[in-house]
Amino acid sequence: MTLTAPPPAPARRPERFAPFAAWGSPLYVADIASAGERLPAFRDLILERTGTDPEASNFGVITATKANQDILQWDDPVVDWFKGRIADAVSALTRATLGEAADEVAQEVIAEAWTVVYAEGGSLRPHTHHDSAWSGVFYVESGDGGDTGEAGYLQLLDPRPAAVARFASQGVYRVEPVPGRMVAFPGWLPHSVQATLTGGGRRICVAWNVAYDKDWAGMS
């Protein structure tokens, strides 16, 4: 019997390893150039309606007033403009998450929004918006942050409960409350608001949620 040696094994390519983000959280931050001329009218409208809203409350906030949960139904040009900016943020986040597949998303969105007027010392406890796909905040008036670098900032927290090991997390991501700035993120991302400084003045923002509904058309 003649034995034939097996053919030599093909040379193996060197293995390459590259880090990638398995649980990355998309974040949208936009300073809207067209906001400047609209902010005074938006501010006055919000303050007027807040003063007459029978359902205004301080639920979930500290030294602040949450009101105007029907703001997206107001018949006013600045509200129509604001709804368009929500749509811009949602479209950008959807495309960042799905890439070209975002073009296949056929569902319309259901949106809700409300205003928050923070007094001196006002803040917001850590929480999530678990029933929404995307959440966001638009700053109408920011007050004075002083020299702390953190007063009034939006704080986005690492959503992974076990990410406490050294170098495993970047910790808190802070966003400065700049008038005309729109910030948007996944509704499940924990977030809070650092207290406004005593003497820092008033801060006004509009918070919002968006969910998808295939049987719904339009923004309410």
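Out of everything in segment 64-86 that is more than 27 Å from A33 (Cβ to Cβ) and open to solvent by 70 Å² or more (accessible area, probe 1.4 Å), what residue ends up being nearest to the chain's Cα centre (by Cα)?
Restricting to residues being more than 27 Å from A33 (Cβ to Cβ) and open to solvent by 70 Å² or more (accessible area, probe 1.4 Å), the top hit is Q69.
Here are W23, W114: which of them is part of a loop (DSSP other than H, G, I, E, B) and either in contact (Cβ under 8 Å) with a residue 60 or more places away in the chain or open to solvent by 70 Å² or more (accessible area, probe 1.4 Å) (or both)?
W23
For segment 104-122, state whether one or more residues are among the hydrophobic types (A, V, I, L, M, F, W, C) and in contact with an Asp or Glu (Cβ under 7 Å, 6 or more places away or on another chain).
Yes, the conditions are met somewhere in segment 104-122.
Do any residues in segment 31-59 that are within 16 Å of Y118 (Cα to Cα) and open to solvent by 50 Å² or more (accessible area, probe 1.4 Å) have Cβ atoms under 7 Å from those of residues that are part of a loop (DSSP other than H, G, I, E, B) and at pLDDT 95 or above, where the two are at least six apart or on different chains, and which pairs are they?
Short answer, once both residue conditions are applied: R49/N68.
Just one of (1) buried (at least 20 other Cβ atoms within 10 Å of the Cβ); (2) within 22 Å of G24 (Cβ to Cβ) trips up Y173, so point out which.
Of everything listed in (1) buried (at least 20 other Cβ atoms within 10 Å of the Cβ); (2) within 22 Å of G24 (Cβ to Cβ), Y173 misses just condition (1).
When you scan segment 55-74, do you find a residue that is more than 19 Å from F185 (Cα to Cα), at pLDDT below 95, part of a loop (DSSP other than H, G, I, E, B) and acidic (D, E), even just one?
Looking through segment 55-74, at least one residue is more than 19 Å from F185 (Cα to Cα), at pLDDT below 95, part of a loop (DSSP other than H, G, I, E, B) and acidic (D, E).
Any residue that is open to solvent by 30 Å² or more (accessible area, probe 1.4 Å), part of a helix (DSSP H, G or I) and closer than 27 Å to L47 by Cα - is there at least one of those in segment 87-104?
Looking through segment 87-104, at least one residue is open to solvent by 30 Å² or more (accessible area, probe 1.4 Å), part of a helix (DSSP H, G or I) and closer than 27 Å to L47 by Cα.
In segment 124-144, which residues are more than 17 Å from I46 (Cα to Cα) and crowded, with 17+ Cβ neighbours inside 10 Å?
Scanning segment 124-144 gives L124, H129, S132, A133, W134, S135, G136.
The values are calculated or read from the model by the stated rules, or taken from the named source; none is laboratory data. The model shown is predicted, which means the values in this text are computed figures rather than measured ones. All Cβ positions, glycine included, derive from the backbone under ideal geometry; neighbour counts span all protein chains shown. When the accessible area is computed, the model is the full protein with side chains, heavy atoms only, and any ligands, DNA or RNA have been set aside. Shrake-Rupley method; radii C 1.70, N 1.55, O 1.52, S 1.80 Å.
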